[in-house]
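Undergrad: Below is a structure I'd like to ask you about.
The values are calculated or read from the model by the stated rules, or taken from the named source; none is laboratory data. Keep in mind that this is a model prediction, so the values were computed, not measured. Neighbour counts run over all protein chains shown; Cβ positions are idealised from the backbone, glycine included. Heads up: the accessible areas ignore ligands, DNA and RNA and are worked out on the full protein's heavy atoms, side chains in. Shrake-Rupley method; radii C 1.70, N 1.55, O 1.52, S 1.80 Å.
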Amino acid sequence: MTRPPTAAQRRVIDAADPVTGRLRGTESQLAALVKRELAFRHPRPPHDHFLTPAGHRVREETATEAASAPEAAGPTREPAREPARESSESSGVFAARVGGEEGIDTGPSRIREVHSAWQGLLELRRMTNPHGVVDRPCAWERTHLVQAAALALEAAGHRPAGADTDAEGYRVRATPQPEAVAVRGPDAGALRECAATLEQAGWQVGEHTEPRTGARYLLASPRRT
């Protein structure tokens, strides 16, 4: 996503069911939200549309802005403003910290954002996984491996590494292997904690050693069963 949603798309997002994220709108509006990865079409009939974690993030930002904005004079309500952009996010929507970003924020606002995104992802699992199970990753996570693994880690309270190469914290990176990400940490203890978190979130995790450097790292893949 390279630009914020239109006013019409924001109204569709704002009107989503507060619990399930179910959307109502025209076919063109819903298709546009799917293209921007703010919504997904349920694979089973009646093929309703629901917010993705990014869509939930946009909806939460709209609600926060509306609550904090001064009360408008008169009955006319002003349209919602464009969501505030964070320094490491050029899209203006939520992105999990993969490690290596500038200006890592661990304050209360970021904690709320991560919690909301994680709850949205669990709802996405419930709506798209067979039998509504939430203990293993869904199709969206399998096509966004790095972001999905990073969100699981950040939501559990692990700190991502900063831009400084010597900064302590986790780093999640893509690998040449299909459906696998590499997770690196400052020490063996941190790696074990990251492994436990990912396993609890439904990932298969193994510890490996870099042949040339001897550094330990995790290789994590979404669990299917």
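Undergrad: Between Gln177 and His131, what is the label-point separation in nm under the 7 Å Cα-to-beta-carbon projection?
TA: 2.7 nm
Undergrad: Residues in the range 202-225, backbone N under 15 Å from the label point at Ala188 (7 Å along the Cα-to-beta-carbon vector): list them, ranges by number please.
TA: Residues passing the 15 Å test: 207-210, 214-218.
Undergrad: For a paramagnetic label modelled at 7 Å from the Cα of Glu168 toward its Cβ, which residues of the range 204-225 fall within the zone defined by backbone nitrogen distances under 16 Å?
TA: none
Undergrad: Still on this model: Around Arg22, what is the net charge, scoring Lys/Arg as +1 and Asp/Glu as -1 over all other residues with Cβ under 11 Å from its Cβ?
TA: -2
Undergrad: Suppose we take every Cα in the range 155-201 and form the convex hull; what volume per residue is that in Å³?
TA: 90 Å³
Undergrad: Where nothing but the Cβ of Lys and Arg (+1) and of Asp and Glu (-1) is charged, how large is the charge dipole of the range 125-225 around its Cα centre, in debye to the nearest 20?
TA: 400 debye
Undergrad: What number comes out for accessible area per residue over the range 153-200 if the probe is 1.4 Å? Units Å², please.
TA: On a per-residue basis, 54 Å².
Undergrad: Also, quick follow-up: When a/c is below 1.5 the answer is rounded, else prolate if a/b is larger than b/c, else oblate, so apply that to the range 97-225 with a ≥ b ≥ c taken from the square roots of the Cα gyration tensor eigenvalues.
TA: Numbers: a/c = 2.08, a/b = 1.23, b/c = 1.68.
Oblate is the answer for the range 97-225, as a/c is 1.5 or above yet b/c matches or exceeds a/b.
Undergrad: Same structure again: Over the range 160-225, with every protein chain in place, what whole percent of the accessible area is carbon and sulfur at 1.4 Å, could you tell me? Write down the numbers at each step before the final one.
TA: Working: 1770 of 3780 Å².
Exposed carbon and sulfur together represent 47 percent of the surface.
Undergrad: Please list 122-128, 55-61, 208-214 highest first by mean number of surrounding beta-carbon atoms within 10 Å per residue.
TA: Top to bottom by mean Cβ count within 10 Å: 55-61, 122-128, 208-214.
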